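Here is the structure we will look at.
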Amino acid sequence: MKLLAPAGNWQAFIAAIANGADIVYLGGKDYSARQSAGNFSTQEIISALEIAHLYNKKIYITINTILQNSELEALIDWIRVLYDHGADALIVQDLGLIYLLRKLFPDLNLHASTQMTVHNALGAKLIKEQGLKQAVLARELSLAEIKNIHAENPDLQLEVFVHGALCYCYSGQCLFSSMVGGRSGNRGRCSQPCRMSYKLIENNGMDTAVEKNGTYLMSTADLCLLDHLKELQNAGVSALKIEGRMKRMEYVAVVTGIYRQVLDQLRFGAEPDTKDYKRDLAQIFNRNFTDGYFTGSQDNCLSSKRPNNRGIYIGRIKNKNAGGLAVIKLKEPLRVSDGIEVWISKGKGPAFIIDEMFMENRSIAEAAAGDEIALKIKEPVNVDDRVFKTHDHQLMMKASESHNWLQNNKLGVEAAVYMRIDAPVRLIFRDDEGHSSEIYSESTAVPAEKYPLTYDLLFDKLSRLGNTCFYLRSLEIVEDEQVMIPFREINKMRRQAITEIMEQRFKPYRYKAVEGTWYEKEKDLLFDKKFLTEDNGRDERRTPYISVAVSNTEQAAAAIEQKTDRIYLYLDGLGNKAAVNKKSYWQILEWGEKNQVEIIPAWPRIQKTEEMEKYIKQAEDWGFTKIMAGNVGALQWAKEHGLKIFADYSFNVFNPFSVKYLQSLGASIVCLSPELNYSQLTDFAGLPVEILVHGEVLLMVAENCMLRSAWGIKEGKPCFKYCKSKAYCLEDEKKYCFPVVTDRNCRNYVFNSRPLFMLDHLLKLAQLKPAGFRIEARLDEHQKLGQIVASYRMVRDQIKKGAAPDRDFLEKIRNSITSGSFTRGHYFRGVQ
């Protein structure tokens with residue numbers, strides 16, 4: 001297995017290489033999912049590629065965000081630079097980008113980002129069939145599920161996160177930061193609302209029982225799979241990934257070094273003792289450690305009492321001595337220059353770097369576990385307060401030594417010089433891998449009058465290898481006559497020789513060259529608007545249809561009664577109404593047919609392999625001929641079986657090329673990302689797309705059940721399933737309440753606190769010429785839903801007749817169906 005380490009800046013890149021990473025993943029200044037990291041200029045990426053390849057390492061470039069149409073052409077040109085310099089792989093999320101890269105750079109290695117939410121065997125199959133070489137699997141998978149995906153797709157390389165921060169939501173499915181603060185996680189600018197404190201509200205009253213278990217209800221603990229590396233190898237995993245492009249270089253050095261050591265021990269048949277390793281991992285950064293979903297238990301997934309670094313526990317304040325110093329009996333070593341934090345009962349406790357420490361009334365520089373020490377703490381603390389070491393000076397200093405790694409680990413070359421009078425001087429460089437270069441001087445050697453080319457002089461000139469990664473290990477003078485040539489020629493020969501060595505070492509990493517004229521011509525064809533709209537099967541003169549997404553048969557019946565055009569009937573059992581069964585499905589299908597309403601069964605965003613098998617059996621038994629797909633696995637199955645496909649907004653379609661790509665995979669209609677603004681939506685005119693116009697937008701889908709965690713229900717203990725009889729929401733500090741609903745698999749769905757309302761802008765939206773307007777009604781009571789559908793249908797029909805809707809009427813409807821609280825989403829603001 002290969003070890004992937006993160007780098008958010010140049011120092012972290014060197015630390016990763018220095019401490020044993022096989023591959024470093026990093027991003028440019030734009031288009032990367034960690035826009036708050038320092039990231040790399042184009043020249044820095046080129047330099048990183050050269051260094052990595054000289055040391056037989058690899059670089060993966062992250063372009064794991066969704067992309068605006070206006071960004072794509074410049075991005076493609078930038079990728080060509082990376083391609084020409086041998087970028088080992090691009091980690092990508094955007095479907096449109098994949099489409100373009102497959103057309104323009106067919107040899108380029110592409111990897112599916114975890115933002116693509118690959119979590120089942122069929123999804124992995126689609127990734128493989130589309131020519132991607134590796135998939136970064138969703139972090140919510142268990143060992144058994146990873147094994148299954150590998151067994152079904154042995155030719156696809158699998159990459160798995162093993163250490164670092166976890167997201168509460170499935171990666172690629174989170175709109176929380178986007179809708180609440182305008183900073184899109186899908187665009188690399190997540191504001192981390194999941195690390196905030198929330199109240200859990202039950203039936204409009206606070207459930208105070210949960211506060212004792214912590215109020216950071218979506219704050220996950222940090223992943224640590226150090227003890228499971230052998231299992232991952234046996235499961236068929238190809239690459240282990242450390243999270244942390246936002247972390248400092250010392251973090252990268254420590255974590256990478258520890259995982260490297262354990263992997264090396266396993267490679268040689270040893271059984272590593274990881275106790276000390278895990279202490280150092282906890283010391284460098286932790287929010288508590290968890291094995292996530294790897295073992296199937298969720299008991300330790302959250303860090304609900306504290307969302308930030310804990311450090312390691314070193315003891316409690318025992319008492320205060322006569323000198324006013326706080327006395328602590330240590331459970332871990334402590335030194336001057338270490339940092340500590342005291343946890344007090346309420347509020348933020350004192351945190352500081354130790355500049356003086358006492359034991360038995362004398363000043364000491366360090367103390368061992370078991371020692372009783374005294375510290376001067378300026379802020380108030382109490383007896384029995386817990387103390388944590390948050391900064392280990394010695395560990396940090398050792399990690400910072402990585403700064404000098406390149407200087408201390410240069411690659412040796414041997415030189416041989418052949419010199420004869422009246423002949424060109426011949427210089428040969430050889431490295432340790434068998435590469436060699438042979439350079440001749442432009443002029444012939446002449447007898448030396450004063451300064452012959454002696455060994456010392458030649459060694460001095462040839463060893464000046466500057467900022468390269470090489471040093472001159474040895475020099476042999478083969479035909480030694482008292483000759484000379486101009487020093488400038490010796491310098492030129494040296495530069496040419498070392499450049500040839502470097503080029504030979506780079507060659508295995510280079511792709512087949514893309515011819516410039518062909519590239520420009522193909523790119524122009526792809527970015528021609530006619531290319532995007534040709535053969536789309538749409539009549540732009542048609543008035544947009546109205547579709548309604550519902551969760552149960554009561555909602556479906558209400559929508560049919562109001563003569564909507566299409567219903568997406570979700571089958572995930574969301575909420576506390578009875579799940580759709582075969583009988584009720586056929587009743588709805590029959591009633592829809594009588595009323596000329598198209599019924600589309602809709603699959604959820606998350607369908608793990610075992611669940612997918614059940615959904616497939618259901619589809620075959622119920623006789624599906626069409627389907628709303630929410631993930632790449634569902635798309636693959638529907639494509640293989642010839643169903644008519646509708647693509648949900650979970651595919652994060654942000655540019656027209658993503659529509660084109662989904663069409664090539666069989667999608668007839670694509671629901672666009674709700675993160676697009678009005679201006680961006682104009683790029684989709686004439687394409688078979690629908691846009692959201694109303695309802696509570698889904699912000700998160702999470703494997704973890706925050707309700708069980710809040711109530712302290714451990715794995716194996718009975719769950720009382722209050723979520724099926726009561727309504728819950730998360731209340732933030734601004735008093736906005738975000739509904740929390742569970743599906744039949746106990747996944748948590750978090751919806752926006754206010755419904756999207758665009759009825760009074762429907763005329764403006766119709767000018768975008770979408771195929772359809774979509775209403776999200778999964779949380780609506782059926783009586784209210786009937787009013788919503790009727791209102792949108794009436795305004796749509798007025799637009800069809802060329803009439804302008806009455807403003808007073810629209811305001812009255814708005815107040816009635818939104819209770820005065822609503823949002824315009826991103827239509828008039830967009831996202832960062």
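Tabulated results
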{"read-out": "Where no second cysteine Cβ lies under 4.7 Å, the cysteines concerned in the chain", "value": "Cys167, Cys190, Cys194, Cys224, Cys301, Cys469, Cys671, Cys705, Cys719, Cys723, Cys746"}
{"read-out": "Filtered chymotrypsin sites (Phe, Trp or Tyr not before Pro), segment 246-289: DSSP coil and at most 16 other beta carbons within 10 Å", "value": "Phe268"}
{"read-out": "From phi via Karplus (6.51, -1.76, 1.60), per-residue ³J(HN,Hα) for segment 630-638 in Hz, x at Gly/Pro", "value": "x, 8, 5, x, 5, 4, 5, 5, 5"}
{"read-out": "Residues with amide H under 5 Å from that of Val425, placed H, sequence gap 5 or more", "value": "Ser441, Ala445"}
{"read-out": "Candidate lysines for bridging to Lys764, where Cα separation is under 17 Å - those fewer than 8 sequence places away on the same chain excluded", "value": "Lys800, Lys801"}
{"read-out": "Heavy-atom surface of segment 315-363, accessible at 1.4 Å and reported per residue (Å²)", "value": "58"}
{"read-out": "Long-range amide H partners of Lys58 with built H, under 5 Å", "value": "Ile23, Val24"}
{"read-out": "Inter-probe distance in nm under a simple model that places probes 7 Å from Cα toward Cβ, at Trp622 and Gln767", "value": "4.0"}
{"read-out": "Per residue, in Å², the accessible surface of segment 406-514 once ligands and nucleic acids are set aside, probe 1.4 Å", "value": "57"}
{"read-out": "Segment 44-193: Lys pairs at Cα distance under 25 angstrom, eight or more positions apart or on different chains", "value": "12"}
{"read-out": "Alpha-carbon radius of gyration plus Dmax, which is the widest Cα pair, for segment 234-365 in Å", "value": "18.7, 62"}
{"read-out": "Under Karplus coefficients 6.51, -1.76 and 1.60, residue-wise ³J(HN,Hα) of segment 316-326 in Hz, glycine/proline x", "value": "10, 6, 7, 6, 10, 7, 4, x, x, 8, 7"}
{"read-out": "Trypsin sites (Lys or Arg not before Pro) restricted to DSSP loop in segment 591-639 with at most 10 other C-beta within 10 Å", "value": "none"}
{"read-out": "Principal axis dimensions, segment 347-412 - Cα atoms, whole angstrom, descending", "value": "60, 32, 19"}
{"read-out": "Dmax and Rg, reported as Rg then Dmax, of segment 532-612 (C-alpha, Å)", "value": "14.9, 45"}
{"read-out": "With Cα atoms, 0 to 90° folded angle of helix 143-152 axis to the chain main axis", "value": "90"}
{"read-out": "Accessible area per residue in Å² at 1.4 Å probe, computed on segment 642-735", "value": "31"}
{"read-out": "Inverse of mean 1/r across different Cα pairs in segment 672-770, Kirkwood, Å", "value": "16.2"}
{"read-out": "If the convex hull is drawn through the Cα atoms of segment 126-278, its volume per residue in Å³", "value": "181"}
{"read-out": "Segment 638-688, relative contact order [Cα under 8 Å, separation at least 6], %", "value": "41"}
{"read-out": "Centre separation in Å (Cα based) which lies between segment 612-659 and segment 304-367", "value": "56"}
{"read-out": "When segment 609-704 is reduced to its Cα atoms, the Kirkwood hydrodynamic radius in Å", "value": "14.5"}
{"read-out": "Estimated vicinal HN-Hα couplings, Hz - segment 590-604 in sequence order (Karplus 6.51, -1.76, 1.60; Gly, Pro = x)", "value": "5, 5, x, 5, 5, 9, 6, 10, 7, 10, 10, x, 10, 8, x"}
{"read-out": "Amide H contacts of Thr823 (H built 1.01 Å from N, under 5 Å, at least 5 apart or other chain)", "value": "Leu756, Phe757"}
{"read-out": "Normalised convex hull volume, segment 477-599, alpha-carbon set, Å³ per residue", "value": "297"}
{"read-out": "Rel. contact order, % - alpha carbon contacts under 8 angstrom, at least six apart, segment 491-649", "value": "14"}
{"read-out": "Segment 416-484: mean projected area of Cα convex hull, nm²", "value": "4.9"}
{"read-out": "For the chain: Kirkwood Rh in Å [reciprocal of mean 1/r, alpha carbons]", "value": "30.1"}
{"read-out": "Fraction of beta bridges assigned by DSSP in the chain that are antiparallel (%, nearest 5)", "value": "45"}
{"read-out": "Above-threshold pairs, the threshold being 25 Å between Cα atoms, out of Lys346/Lys389; Lys29/Lys639; Lys398/Lys461", "value": "Lys29/Lys639; Lys398/Lys461"}
{"read-out": "Relative packing of peptides 163-169, 548-554, 303-309 - highest average C-beta neighbours within 10 Å first", "value": "548-554, 163-169, 303-309"}
{"read-out": "Segment 368-434 - charge dipole about Cα centre, Lys and Arg +1 at Cβ, Asp and Glu -1, debye rounded to 20", "value": "300"}
{"read-out": "Carbon + sulfur, % of accessible area of the chain - ligands and nucleic acids excluded, 1.4 Å", "value": "46"}
{"read-out": "Size of charge dipole - segment 223-276 - debye, nearest 20, with Cβ of Lys, Arg +1 and Asp, Glu -1, no other charges", "value": "300"}
{"read-out": "Mean-position separation - Cα centroids, segment 22-99 and segment 719-786, in angstrom", "value": "36"}
{"read-out": "Cα-based Rg and Dmax for segment 457-524, where Dmax is the largest Cα-Cα distance (Å)", "value": "18.8, 62"}
{"read-out": "Point-charge dipole on Cβ atoms (K/R +1, D/E -1) for segment 1-110, about Cα centre, debye to 20", "value": "260"}
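The values are calculated or read from the model by the stated rules, or taken from the named source; none is laboratory data. Note that the structure is predicted; figures quoted are calculated from it, not measured. Here Cβ is always computed from backbone atoms with ideal geometry, including for glycine, and neighbour counts include all displayed protein chains. Ligands, DNA and RNA are stripped out before the accessible areas are found, and what is left, the full protein with its side chains, is counted by its heavy atoms. Shrake-Rupley method; radii C 1.70, N 1.55, O 1.52, S 1.80 Å.
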